[in-house]
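So the structure is just underneath, and the comments pick up after that.
The values are calculated or read from the model by the stated rules, or taken from the named source; none is laboratory data. Predicted, not measured: the structure shown is a model, and the values here were computed from it. Counting neighbours? That spans all protein chains shown, and the Cβs are built from the backbone with ideal geometry, glycine included.
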Amino acid sequence: MKIVTNTYLFFAGITLGVVGAYIGLTPFEYLSQFDFQSNVSASAKSEMRGMGGTILVCGLFSFLAIFKKEMANSALIICLLVFSSFCIFRCMGIVLDGLPNQGILIALSLEAVFALFGWTLWFKRR
């Protein structure tokens, strides 16, 4: 079970780390895929950097937990909550706002896989 959890934490950590770094370090490029104009305010960029940084730190924590076994439960909880919250709120957005672009739907699918796999690992550990 440890190797499965470590594999999950590795891929979840890499995914969160890369996405968080992309959003946090290049907020305009991230926002431009959603047809934002070039005059994105400093406040909007700051919000995106904050969100990206939080996602990045969650990813780093998950990745670090591969090497520090006492962190594995906490990292698993963080991953399953982050991926679950993305799924829940993206689905809420679909209900309230309509279907997003294909990129967001692909992200939702990936997040759902990570969330379901994380919950499966969590319940098997209990």
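Against the test of being assigned to a helix (DSSP H, G or I), among the hydrophobic types (A, V, I, L, M, F, W, C) and more than 19 Å from residue 107 (Cβ to Cβ), the options 77, 14 yield a single qualifying residue, 77. When every residue of region 88-99 is checked against the conditions, at least one turns out to be assigned to a helix (DSSP H, G or I) and surrounded by 15 or more Cβ atoms within 10 Å (Cβ to Cβ). Taken over region 39-66, the criterion of being part of a loop (DSSP other than H, G, I, E, B) and touching a helix residue (DSSP H, G or I) at 6+ places or on another chain (Cβ under 8 Å) is satisfied by 40, 65, 66. Residues in region 67-126 that are acidic (Asp, Glu) and over 15 Å from residue 9 (Cα atoms): 97 only. Of the residues making up region 46-65, one or more are closer than 16 Å to residue 7 by Cβ, loosely packed, with under 15 Cβ neighbours inside 10 Å and within 18 Å of the chain's Cα centre (by Cα). In this entry, residue 73 is excluded by the filter for residues that are more than 12 Å from the chain's Cα centre (by Cα), within 23 Å of residue 22 (Cβ to Cβ) and surrounded by fewer than 14 Cβ atoms within 10 Å (Cβ to Cβ).
What do you reckon, is residue 105 surrounded by fewer than 17 Cβ atoms within 10 Å (Cβ to Cβ), at negative phi, out of contact with any Asp or Glu (no Cβ under 7 Å at 6 or more places or on another chain) and part of a helix (DSSP H, G or I)? In short, yes.
Residue 57 is checked against (1) of a type in the set (Val, Ile, Thr); (2) under 19 Å from residue 108 (Cα atoms); (3) modelled with pLDDT of 95 or more and fails just one. What number does that condition carry? So the condition that residue 57 fails would be (2). Restricting 68, 124 to those that are touching a residue at least 60 places away in the same chain (Cβ under 8 Å) and of a type in the set (Lys, Arg) reduces the list to 124.
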